[in-house]
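Beneath this line is the structure, given in structure tokens, with notes to follow.
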Amino acid sequence: PRRRRYINSQFLQFFPWLMKLISHISILFLLPVVMFADDRKTYRELDREQGAVENRLDEARRFIEEANRASGNQNYRYAFELLAQSSNRLARSDSRLEDQIDEIANMRWAIFTPRDAREVLENRRRELRGTYFEVNRRAQELSRDLAPRVGVDLERAQWMLGALRFLSENAADPAVRERAGRLLRELENALEQGNIEGIQRAMEQGERVVSEGRGDLQREGRDPDGPQARVPPPGQDDLPPPSPAVEEETPFITPGEAEPQPRPDHLHEETVSWLMDTLDKLCREIQDPELRARICQVRDELQQAVERGDWNRVSDILNETVNEIIPEVNRREPAVGGGIPDMPVLMNGEVEYFPPDFSKPGVGTRYVGGRGARLIEEIEEFIELAGQGAEARFRKRQGDSRRWGFEAAVTREESVADGRRYEFRLNESRRDGRYELDGWRVLGPDGAPVAEGTGETGSVEIRESGAYTIEFTGKTDWDSPFRIETRINVAL
């Protein structure tokens with residue numbers, strides 16, 4: 001009995017400590033469950049989302065810049081495809097930035113959350129919103145120019161995305177929610193692909209769904225009509241009306257004094273320099289005495305016209321050179337004409353290069369990933385100098401085009417000692433033209449080559465984990481370079 005009383009007394013002393021230990025252990029086990037059950041986002045999650053938004057906005061800006069260049073070259077359909085992809089990224093960025101207003105306010109705090117986390121996130125969100133406004137403004141300006149040419153108003157398409165997204169989540173009628181969700185996905189996919197017909201079809205069906213959900217939109221304080229489409233009816237001229245002539249007062253000119261002339265846009269410094277060098281080269285190298293005398297005389301006249309700023313005459317000499325002199329040189333002495341470099345031409349703020357004989361086309365290209373990356377299309381581009389004197393302007397027109405379906409693909413994968421072996425090849429599905437390969441190489445995670453070779457097929461053995469890039473390079477028979485890549489993730 002004495003021993004039992006002793007054991008009982010020891011147990012009673014130990015019992016509170018045991019219960020405290022059990023409670024602490026329970027808390028440790030339950031704490032992760034409680035934390036992960038909270039669906040609020042942490043600082044790290046919101047920070048990563050803002051990084052993704054920043055990348056989308058940067059991509060949207062680059063798409064708009066390329067679309068502006070394409071529009072300036074009158075390649076309106078390609079410009080629209082780029083602008084549509086930009087619009088899709090802008091819409092996704094706008095939605096994410098709007099959602100983050102509440103998510104930042106109700107952010108879940110974690111162990112390593114900075115003390116000023118909300119302030120940091122909100123400041124960055126405001127900066128991203130400012131970037132969004134700037135990029136979106138540029139997109140809308142270009143959209144207004146392209147709308148009559150392609151039949152789609154992207155500003156209204158972007159509003160339609162927001163309306164359909166809201167109705168897919170909040171419409172009182174389940175049928176409206178279901179149709180809005182389906183059309184939202186269709187419109188997003190069509191915008192991502194720049195599919196004009198797909199966008200028009202989704203927009204037409206979306207108008208009916210929005211009409212059914214007008215009440216839901218109005219209760220939320222949203223405009224159920226949105227921006228009105230600016231697309232003209234079929235058959236309407238798709239070019240803006242010419243600017244009315246403006247009568248200017250003619251300045252008084254002293255008899256015998258040359259009237260001052262502003263330098264025309266088409267007589268860029270590089271263009272005039274090329275013209276003088278070309279005429280000087282032909283004057284020295286042409287063997288035919290009659291043709292050489294004519295060229296030397298035109299060269300001297302050009303030099304005098306440039307010195308006195310007579311841009312009307314300079315423009316006429318340029319027109320004569322590219323449309324008469326150089327074609328004549330190519331007929332009589334092609335060895336000399338074949339050595340004339342391409343002519344630099346200022347088009348939409350950028351210098352482009354064209355064959356000096358305007359009867360021959362240059363090549364316009366479409367790439368994914370920037371010039372020299374994955375080639376999508378080649379388009380013959382002819383240039384002409386329309387008009388006389390200072391009123392002349394360079395214009396481009398498109399000739400034949402061809403599309404390319406390049407793809408670098410892994411064809412076989414197998415285990416080898418201490419690693420993996422990959423076989424790969426370059427495929428081209430369209431076969432609209434010919435091309436030559438420079439070769440292939442495999443780049444490691446650090447960007448350094450680990451293998452290289454020639455031909456359309458190759459293989460490599462990899463013995464370290466990481467992301468590897470397979471790259472084929474070459475050029476077409478129209479002299480357009482390309483680089484086709486695919487990535488493989490190796491886990492050993």
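How much mean residue ellipticity at 222 nm does the chain get from its helices, if each DSSP H run of length 4 or more adds -39500 (n - 2.57) and you divide by all residues, to the nearest 500 deg cm²/dmol? List each step's numbers first, then the result.
Values: 13 runs with 248 residues, N = 492.
For the chain, the value works out to -17000 deg cm²/dmol.
Using the Kirkwood radius over C-alpha pairs as Rh, can you work out the diffusion coefficient of the chain via Stokes-Einstein at 4 °C, viscosity 1.567 mPa s, in µm² per second? Walk me through the intermediate numbers first.
Working: Rh = 29.2 Å.
Calculated translational D: 44 µm²/s.
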Worksheet item: Got the relative contact order for segment 146-218 handy, in percent, Cα pairs under 8 Å and 6 or more residues apart?
Response: 34 percent
Item to complete: May I ask you to derive the relative contact order of segment 300-374, considering only C-alpha pairs under 8 Å and at least 6 residues apart, and to give it as an integer percent?
Response: 18 percent
Worksheet item: trypsin sites (Lys or Arg not before Pro), restricted to segment 390-453: which are DSSP loop and have at most 16 other Cβ atoms within 10 Å?
Response: ARG430, ARG431, ARG434
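Given 20 °C and 1.002 mPa s, compute D for segment 180-224 with the Stokes-Einstein relation, Rh being the Kirkwood radius over Cα pairs; round to the nearest whole µm²/s.
Here the translational diffusion coefficient equals 194 µm²/s.
Once the piece of chain linking ASN106 and SER459 is laid out straight, how much longer is it, given 0.36 nm per residue of separation minus the C-alpha distance between them? Intermediate results must be reported in sequence, preceding the final value.
Numbers: separation 353, 0.36 × 353 = 127.08 nm, distance 5.21 nm.
Length difference between fully extended and current span is 121.9 nm.
Based on the alpha-carbon gyration tensor of segment 63-207 and its eigenvalue square roots a ≥ b ≥ c, which shape applies: rounded if a/c is under 1.5, prolate if not and a/b is larger than b/c, or oblate?
On the way: a/c = 3.11, a/b = 1.40, b/c = 2.22.
Here segment 63-207 falls in the oblate category.
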Worksheet item: Once both axes come from the Cα atoms, what is the angle between helix 289-308 and the longest principal axis of the chain, in degrees from 0 to 90, rounded to 10?
Response: 60 degrees
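Taking loop as defined by DSSP and a crowding limit of 10 other beta carbons within 10 Å, which chymotrypsin sites (Phe, Trp or Tyr not before Pro) in segment 74-117 fit? Display every interim value, and only then the final one.
Working: sites: TYR76, TYR78, PHE80, TRP109, PHE112; in loops: TRP109, PHE112.
Those satisfying the criteria are PHE112.
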Discussion item. Testing the spin-label approximation: label points 7 Å from Cα along Cα→Cβ at GLU324 and ARG431. State their distance in nm.
Written reply: 4.9 nm
Practice prompt. Report the GluC sites (Glu not before Pro) located in segment 124-225 that are in a DSSP loop and have at most 13 other Cβ atoms inside 10 Å of their Cβ, or state none.
Written response: GLU220
Worksheet item: In whole Å, how far is the Cα centre of segment 433-461 from that of segment 333-386?
Response: 29 Å
Worksheet item: Per residue, how much space in cubic angstrom lies within the convex hull of the C-alpha atoms of segment 352-464?
Response: 139 Å³
Fill in: Neighbourhood charge, 14 Å Cβ-Cβ cut-off, centred on GLU414 and excluding it, Lys, Arg +1 and Asp, Glu -1
0
Worksheet item: Does anyone have the angle between helix 2-37 and the longest principal axis of the chain? Alpha-carbon axes, 0 to 90°, nearest 10?
Response: 20 degrees
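Here, each number is a calculation from the coordinates, and none is a lab measurement. If you're wondering where the values come from, they're calculated on a predicted model, not measured in any experiment. Don't worry about glycine lacking a Cβ; one is built from the backbone with ideal geometry, like all the others, and counts go over all protein chains shown.
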